[in-house]
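What follows is a single structure, written as structure tokens, with notes after it.
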Amino acid sequence: MSALYPLLMMPRFDPRPWGRFDLSPIYSAHFRERIGESWLTGDGCTVQNGPLAGRSLGELASEYGRELVGDAPSDGARFPLLLKFLFPEEKLSVQVHPDDEAARALGEPWGKTECWYVAHARPGAQIALGLKTGVTLGEFERAIHVESAERLLNWITVSPGEMIYVAGGTVHTLGPGSIIVETQQQSDTTFRLYDYGRPRELHLNHGLRVIKERPKSGKVPPCPPAPFNGNGNSRQPLIGSAYFAVEKFELSTSADFVPAPGKSSVDILVGTEGAAAVEAPASPPVAFAKGDAVVIPAGRQFRIQPHPHCEFLKACVPGVSGLEPETVLD
């Protein structure tokens, strides 16, 4: 019998100068320093429950390999996806992540393509995604040196429930007023291009080399929710790409989740509203609520029992190469 079971992860709160002291409505705790991110499935994030409590996800991926991560990820010895909440109260630095090809040229094993689900947003909250039409890299570099780079960015307004695809090579930043669930390749390779005068290091040499002027980033047109496995339950596909697939579930009654045919993948559940329990064969129930993440080892059947209602995201690796979502910029 496998030693693996559904793993409740310990959130790791990361201070950032653009973050918040109050992370409600996701977390009830108040902090004495600004928290920008809550890491849920980073390599250093640790398990809260059961015999593996205190072990890091990176250690478990190395030890259990494909028994944990599945056949779909390209690297069977590393956990494939990093999920986190972002809490911007001020603008993030303007930054860029390399795609796989650019990352390998820099000696990194892979790049950092990501997506953002807007869990909450105040009216008028904005993000910047790419450069404005017609702006060249030379113009952008000159604007960085005279501290006017943000006027050359393509700013768009976001609303709760929207999904944004951020391909590697995209210049981007978040403005204040939203709470984001980020799903990304398991990488922290970030090149800071512009930081509004904050005294932090910039990475222009590498950053300007990996920018794509016309990346395929943007809002993903929404799919309508569909009934799922019980009265009052719904399932909504949010995004599919070569690196991750993310769906949203709203449950009012218990629902069974059966592994799909084809390549297997670890599942990551992230609570966004309400509370529930994960029930799996030969394992004690695992309670989770908004702000929590539960890692389901690859190929496992499980049941979600809402208490009495829950909403959560489910992320996995689809194992389909070359897949990119349709996007729009508005």
## Note on the structure
Counted residues in the range 199-241 being touching a Gly at 6+ places or on another chain (Cβ under 7 Å) and either closer than 13 Å to LEU313 by Cα or at pLDDT 95 or above (or both) come to 3
#### Entry: In the range 29-41, residue surrounded by the most Cβ atoms within 10 Å (Cβ to Cβ) [restricted to those that are at pLDDT 95 or above and in a loop (DSSP other than H, G, I, E, B)]
LEU40
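Do you know which of the residues in the range 312-330 that are surrounded by 19 or more Cβ atoms within 10 Å (Cβ to Cβ) and assigned to a strand (DSSP E or B) is farthest from the chain's Cα centre (by Cα)?
Top of the filtered list is PHE312.
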#### Entry: Among residues of the range 252-268, those that are part of a strand (DSSP E or B) and either touching an Asp or Glu at 6+ places or on another chain (Cβ under 8 Å) or without any contact (Cβ under 8 Å) to a residue 24 or more places away in the chain (or both), counted
1
### Task
Give the range 67-81 a look and list any residue that's touching a Lys or Arg at 6+ places or on another chain (Cβ under 9 Å) and within 30 Å of TRP155 (Cα to Cα), or say none.
none
### Task
Would you point out the residue of the range 255-300, among those that are more than 15 Å from GLU311 (Cβ to Cβ) and among the polar types (S, T, N, Q), that is surrounded by the most Cβ atoms within 10 Å (Cβ to Cβ)?
SER265
### Query
If you go through the range 217-227, how many residues are crowded, with 17+ Cβ neighbours inside 10 Å and either without any contact (Cβ under 8 Å) to a residue 60 or more places away in the chain or assigned to a loop (DSSP other than H, G, I, E, B) (or both)?
2
### Task
Inspect all residues belonging to the range 168-177 and state whether any of them is within 18 Å of VAL270 (Cβ to Cβ), part of a strand (DSSP E or B) and not hydrophobic (A, V, I, L, M, F, W, C).
no
### Summary
Just one listed residue, out of SER74, SER62, is at pLDDT below 95, surrounded by fewer than 18 Cβ atoms within 10 Å (Cβ to Cβ) and among the hydroxyl-bearing types (Ser, Thr, Tyr), and it is SER74
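The values are calculated or read from the model by the stated rules, or taken from the named source; none is laboratory data. All values reported here derive from a predicted model rather than from experimental measurement. Reconstructed Cβ throughout: ideal geometry from the backbone, glycine too, with neighbour counts over all protein chains shown.
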